[in-house]
Amino acid sequence: MTSSTTDVPKISFQNVSRRFGDGAGSFLALDRLSLDIADGEFVTVVGPSGCGKSTAMNIAAGLTEVSDGRVLVDGKDVHGPGPERGVIFQQYALFPWLTVRQNVEFGLRIKGMPATERRRISDHFINLVGLADFADALPKTLSGGMKQRCAIARAYAVNPTILLMDEPFGALDALTRVGMQDQLLDTWTQERRTVVFITHDVDEAVYLANRVIVMAARPGRLQEIIPVDLPYPRTEAMRLSPEFAEVRNRVWHAVYHQKPQIESNI
Amino acid sequence: MTGAAGVTQSARNKAFIDWSPILLNLLAFACGVGLWWAITAAQMVVLPGPVEVFTRGIELIANGQLPLDIVSSLRRVLTGFFLGVALAIPVGFLMGWYRVARALIEPYVQFFRMIPPLAVIPLAIVTMGIDEAPKVFVIFLASFLSCVVATYQGVISVDRTLINAARVLGATDRIIFPRVIIPASTPFILVGVRIGLGSAWATVVAAELIAAQSGLGFRMQQAQLYYDLPTIFVSLITIGILGLVMDRLVQAAERRLTQWQERAR
């Protein structure tokens, strides 16, 4: 088969299921998820808690194994984590004993990259996320938003082709959040990657995405895929537009008015 | 979380030393000595007064006995303590990192932890003789047991997300261990070191009371025979001061090594 690389989805979930525990106490966190994500796409995932969105992301990251089905990245099965898939955690997960720059250089350092090259790359991404004045600060002196920007720079530094973000702005206040969304889109426009972004905020999901993946809980499964036909760059005017409202209403209904699963569907 | 506040706070601490607690400390010290002097001067109890104890202290320093006792006690404590910590840290890491090692070692650690190190002295004397070996061994045991548990707790409580963050950046176990596990568990280890030093110091004095020919504990034992209360006081005060100094040194090292930690003041 001769398919060009553009035909192969960047990430492909094929009938992926994940069960936690065994026997009577076990539960199905993810039930036969099938989903293709194209190269360079920005996809957001929303759904109630227990819908398996974090499980799906951890599987793609290689931090969790599948119970059934497969996950392909660039057409290859995922086995464990890899530097081509950057992950950004809700709790920032910065190494508190390292400065901002040392955190950003962590992935480069363990690859054995020479110091001057490391420095060049870390400078670039620290500037990109606007932390130039804090390059030598320890994480404890940073605000939540700055910590997350540092984590984003750290993920970018190892040059991943995919960014997996698990509710990255979930712990931030509403104002900081909006600023972070714009900055993330800005960074993404300059350094285009495939992004899978998990959130529980419908507005955020619509504002950022090419497509919003709505998931349902118990068992965690795909509910609906809603395209967002708004051009980038996204602006405040767009956020307040009737077109935006319309998509948001669709997503809202898909998230908050989910029908219980029909038995025959199992 | 509040970045700006954190910066100004530490800057303020550096710029100004707040003298009021130090003054209060000195005041408390002066009051204590004053009270001691008043009680003994009024002959309410048959105890030596501060002046008497101070002169005896000078005497003991001048004739070289006190320095000699300090050196022998410190040598025992530090030998036992460093051996104990040097073994406790790798064993603690082993227990935290490998389930098999934990299952094999933990029952012994927990069992021996329940035996006061001093209770081992009779056995140690019978099997190792009456020279330095039994004392150093008992101190080693005391510091090893308190430090190993802290190290192992430190390793098992390293945040999973930090390990995952390292893994997704391409780190293997071989890299995660020195670059994540060790720094992340350092605060726990240092608490263990501090507790270990405290119990080592407590143990040496007691061990010398039972079996020694030198050291601060031995000196008190001798003084007891001759009803020499000032010497007992000098030894007690020396033990307290040395313990305090060692504790402060470890604390300073701790603060230096873990200054990256977010602390509630």
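The values are calculated or read from the model by the stated rules, or taken from the named source; none is laboratory data. Source: prediction; values computed, not measured. With ideal geometry, Cβ positions are generated from the backbone for all residues, glycine too; neighbour counts draw on all protein chains shown. With ligands, DNA and RNA removed, areas are computed over all heavy atoms of the protein, side chains included. Shrake-Rupley method; radii C 1.70, N 1.55, O 1.52, S 1.80 Å.
Among the residues of region A:142-162, those identified as open to solvent by 30 Å² or more (accessible area, probe 1.4 Å) and farther than 18 Å from A:Gly179 by Cα are A:Asn159, A:Thr161.
For the residues B:Ala42, B:Ala62, the requirement of being open to solvent by 60 Å² or more (accessible area, probe 1.4 Å), farther than 29 Å from B:Val205 by Cβ and either at pLDDT 90 or above or not assigned by TED's automatic domain parsing to the domain that holds B:Ser143 (or both) singles out B:Ala42. Set side by side, the residues B:Ile195, B:Ile176 differ, and just one is more than 21 Å from B:Ile239 (Cα to Cα), assigned by TED's automatic domain parsing to the domain that holds B:Asp69, assigned to a helix (DSSP H, G or I) and free of Cβ contacts under 8 Å to residues at least 60 places away in the same chain, which is B:Ile176. Which is more than 10 Å from chain B (Cβ to nearest Cβ) and within 28 Å of A:Tyr232 (Cβ to Cβ), of A:Asp77, A:Asp68, A:Asp36, A:Asp31? Only one candidate passes the filter, namely A:Asp36. Exactly one residue out of B:Ile189, B:Ile181, B:Ile163 is touching a Cys at 6+ places or on another chain (Cβ under 8 Å) and open to solvent by less than 20 Å² (accessible area, probe 1.4 Å): that is B:Ile189. The condition of being in the same structural domain as B:Ala184 (by TED's automatic domain parsing) and free of Cβ contacts under 8 Å to residues at least 24 places away in the same chain holds for only one of B:Ile105, B:Ile70, that being B:Ile105. With respect to the stated conditions, A:Gly145 is outside any loop (DSSP other than H, G, I, E, B) and within 11 Å of another protein chain (Cβ to nearest Cβ). Of all the listed residues (A:Ala157, A:Ala171), the sole one being within 11 Å of chain B (Cβ to nearest Cβ) and in contact with a Leu (Cβ under 7 Å, 6 or more places away or on another chain) is A:Ala157. Evaluate region A:130-142: report whether one residue or more is touching a helix residue (DSSP H, G or I) at 6+ places or on another chain (Cβ under 6 Å), more than 10 Å from chain B (Cβ to nearest Cβ) and not in a helix (DSSP H, G or I). Scanning region A:130-142 turns up at least one residue that is touching a helix residue (DSSP H, G or I) at 6+ places or on another chain (Cβ under 6 Å), more than 10 Å from chain B (Cβ to nearest Cβ) and not in a helix (DSSP H, G or I).
Screening B:Val148 with (1) part of a helix (DSSP H, G or I); (2) within 14 Å of chain A (Cβ to nearest Cβ) gives one miss only, at (2). In this structure, does B:Thr186 turn out to be hydroxyl-bearing (Ser, Thr, Tyr), farther than 26 Å from B:Ile239 by Cα, within 13 Å of chain A (Cβ to nearest Cβ) and touching a Gly at 6+ places or on another chain (Cβ under 8 Å)? Taking the combined requirement at face value, the residue satisfies it. I need every pair where a residue in region A:171-192 that is under 18 Å from A:Val43 (Cα atoms) has its Cβ under 7 Å from the Cβ of a residue that is assigned to a helix (DSSP H, G or I) and hydroxyl-bearing (Ser, Thr, Tyr), sequence separation at least 6 or different chains. Between residues of region A:171-192 that are under 18 Å from A:Val43 (Cα atoms) and residues that are assigned to a helix (DSSP H, G or I) and hydroxyl-bearing (Ser, Thr, Tyr), the close pairs are A:Gln181/A:Tyr207; A:Glu191/A:Tyr156.
Taking region A:1-116 as the region of interest, none of the strands (runs of 3 or more DSSP E) fully inside it holds 2 or more residues being polar (S, T, N, Q) and open to solvent by less than 10 Å² (accessible area, probe 1.4 Å). The residue pairs whose first member lies in region B:236-265 and is free of Cβ contacts under 8 Å to residues at least 12 places away in the same chain, whose second member is part of a helix (DSSP H, G or I), and whose beta carbons are closer than 7 Å, counting only pairs six or more residues apart or on different chains, are B:Trp260/A:Lys140; B:Glu262/A:Lys140. Counting only residues that are surrounded by fewer than 19 Cβ atoms within 10 Å (Cβ to Cβ) and charged (D, E, K, R), how many does region B:196-248 have? Count: 3.
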